[in-house]
Amino acid sequence: MEPHSFFEDIFNHLSSLSPGAWCQAFFLFAGASVLAVAAVQGDARALLADYGARKADSNSKPKHPDEQSPTSRSTGNSNDSNTIGSKLLSLLDALTTATQVPHSWFAYFYVLSMACSAFWLLQYLLDGEMLRFLAAQQQDQQPQDASATFSQSALGWLMMTAQAGRRVFEHAFVIKPSRGSSMWVVHWVLGLGFYVVMSVAVWIEGSASLLDHGRHHDVFNTEALIKMAVAVPAFLYAWINQYRCHAHLAGLKKYSLPEAGMFRSYVCPHYTCECLLYLAMAVATAPGGSLCNRTLLCAVFFIVINLGVTAAGTRKWYASKFGAKAVEGKWNMIPFMF
């Protein structure tokens with residue numbers, strides 16, 4: 001096959017993807033990227049993955065030379081590969097150190113999410129071109145797919161808005177920003193991208209109902225009602241308990257061990273709630289004949305991978321700081337899985 005033909009085929013394939021498929025690809029690629037970083041060993045993984053309390057703690061306690069990893073030491077007997085590894089690690093250290101942003105910038109995720117929710121609401125109310133274009137593309141590329149009802153799409157939008165609104169409130173009035181705590185800018189950019197894509201993902205599989213402002217306002221669809229009836233209590237349970245977890249963490253002395261409420265059984269119960277929140281959205285907005293919304297299920301995949309890796313790191317951090325018994329018998333995040 002000639003090179004130009006190969007790239008032309010790729011371009012044609014990509015251009016044929018629906019907006020929903022693009023959203024799914026983003027979530028899957030982001031999740032795979034997190035897994036790739038998690039597979040990195042030693043100091044490089046800490047530089048790429050650690051943020052917040054764990055990063056601040058590691059930065060404030062320089063290692064004794066005898067405790068440094070082989071890649072961070074330089075001896076006269078080092079071979080070329082060790083020397084190259086040491087230089088690459090030093091370069092990575094310099095790069096990640098120079099591109100840190102305050103951990104408090106997490107608040108921008110939820111402000112952006114609220115802004116996106118407001119944008120799509122206005123698009124619907126004003127019959128905006130952007131919403132109609134994406135919805136029409138979804139229908140053109142996947143006309144055979146069933147559509148979620150209007151009520152389901154509206155509920156998905158409402159759930160996403162409620163979650164972002166509560167998180168904005170928490171960052172404004174509950175959470176106490178930690179001085180010196182930071183994260184790599186790549187984490188921050190990935191988070192911004194996630195919330196932009198999520199603002200589309202919650203309604204894209206209901207495109208047909210959004211394009212037709214009358215016929216698909218069917219609130220008496222039994223299957224849709226059952227899914228929403230199951231999803232709403234699960235969402236509210238997770239929504240309320242995540243707030244309780246964040247309030248408990250905010251009330252602790254700096255870097256102390258949380259032990260109240262769901263923290264008795266989980267290392268990171270606020271992550272457990274996060275997974276349940278988005279799973280509830282996936283069920284609530286599932287088109288006819290599907291248990292879950294495929295696009296949002298891909299988002300759940302990313303969330304589970306991303307938070308699962310962070311929860312594992314948090315467990316190790318708690319164990320090193322408070323002793324192994326402090327986390328003994330607790331699930332990291334999801335029972336029987338993490």
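The values are calculated or read from the model by the stated rules, or taken from the named source; none is laboratory data. It should be emphasised that the depicted structure is a prediction, and the values quoted were computed from it without experimental measurement. Positions of Cβ are generated from backbone atoms using ideal geometry, with glycine treated the same way; all protein chains shown enter the neighbour counts.
Condition first: in contact with a Gly (Cβ under 8 Å, 6 or more places away or on another chain) and not aliphatic (A, V, I, L, M). Now tell me which residues in segment 219-260 satisfy that. Show your work before the answer.
Taking segment 219-260 first, the residues in contact with a Gly (Cβ under 8 Å, 6 or more places away or on another chain) are 221, 223-224, 241, 244-245, 248.
Of everything in segment 219-260, those that are in contact with a Gly (Cβ under 8 Å, 6 or more places away or on another chain) and not aliphatic (A, V, I, L, M) turn out to be 221, 223, 241, 244, 245, 248.
Working only within segment 283-300, note down all residues that are farther than 12 Å from residue 153 by Cβ, more than 17 Å from the chain's Cα centre (by Cα) and hydrophobic (A, V, I, L, M, F, W, C).
283, 291, 292
Report the residue count in segment 240-296 for those that are touching a residue at least 60 places away in the same chain (Cβ under 8 Å), part of a helix (DSSP H, G or I), farther than 26 Å from residue 173 by Cα and β-branched (Val, Ile, Thr).
Qualifying residue count, segment 240-296: 1.
Quickly run through segment 228-260 and pick out the residues that are over 21 Å from the mean Cα position of the chain (by Cα), surrounded by fewer than 17 Cβ atoms within 10 Å (Cβ to Cβ) and farther than 21 Å from residue 330 by Cβ.
229, 230, 233, 254, listed by residue number.
Considering only segment 292-302, state which residues are surrounded by fewer than 21 Cβ atoms within 10 Å (Cβ to Cβ) and in contact with a Phe, Trp or Tyr (Cβ under 8 Å, 6 or more places away or on another chain). Explain how you work it out, then say what you get.
Keep residues of segment 292-302 that are surrounded by fewer than 21 Cβ atoms within 10 Å (Cβ to Cβ), which gives 292, 294, 297, 301.
301 - this is the single residue of segment 292-302 that is surrounded by fewer than 21 Cβ atoms within 10 Å (Cβ to Cβ) and in contact with a Phe, Trp or Tyr (Cβ under 8 Å, 6 or more places away or on another chain).
List pairs: first residue in segment 316-336 and of a type in the set (Phe, Trp, Tyr), second residue in a loop (DSSP other than H, G, I, E, B) and surrounded by 10 or more Cβ atoms within 10 Å (Cβ to Cβ) anywhere in the structure, Cβ distance under 6 angstrom, at least six positions apart or on different chains.
So the pair list comes out as 318/327; 322/257.
Kindly indicate whether residue 263 is surrounded by fewer than 23 Cβ atoms within 10 Å (Cβ to Cβ) and either more than 21 Å from residue 318 (Cβ to Cβ) or touching a Ser or Thr at 6+ places or on another chain (Cβ under 9 Å) (or both).
Working: surrounded by fewer than 23 Cβ atoms within 10 Å (Cβ to Cβ): yes; either more than 21 Å from residue 318 (Cβ to Cβ) or touching a Ser or Thr at 6+ places or on another chain (Cβ under 9 Å) (or both): no.
No: the conditions fail for residue 263.
Can you pull out every residue in segment 142-188 that is modelled with pLDDT of 90 or more, of a type in the set (S, T, N, Q) and either in contact with a Lys or Arg (Cβ under 9 Å, 6 or more places away or on another chain) or over 28 Å from residue 241 (Cβ atoms) (or both)?
Hits for segment 142-188 are 147, 149, 152.
What helices (runs of 4 or more DSSP H), lying completely within segment 142-227, carry at least 1 residues that are over 19 Å from the mean Cα position of the chain (by Cα) and surrounded by fewer than 21 Cβ atoms within 10 Å (Cβ to Cβ)? If you could, list the steps in order and put the result at the bottom.
On the way: elements: 150-173, 185-204, 207-211.
Counting at least 1 such residues, we get 150-173, 207-211.
Hey, among the residues in segment 316-338 that are closer than 15 Å to residue 264 by Cβ and surrounded by 13 or more Cβ atoms within 10 Å (Cβ to Cβ), which one's nearest to the chain's Cα centre (by Cα)?
For segment 316-338, the residue satisfying everything is 333.
Restrict the check to segment 109-129 and report whether at least one residue is in contact (Cβ under 8 Å) with a residue 40 or more places away in the chain, of a type in the set (Val, Ile, Thr) and buried (at least 17 other Cβ atoms within 10 Å of the Cβ).
no
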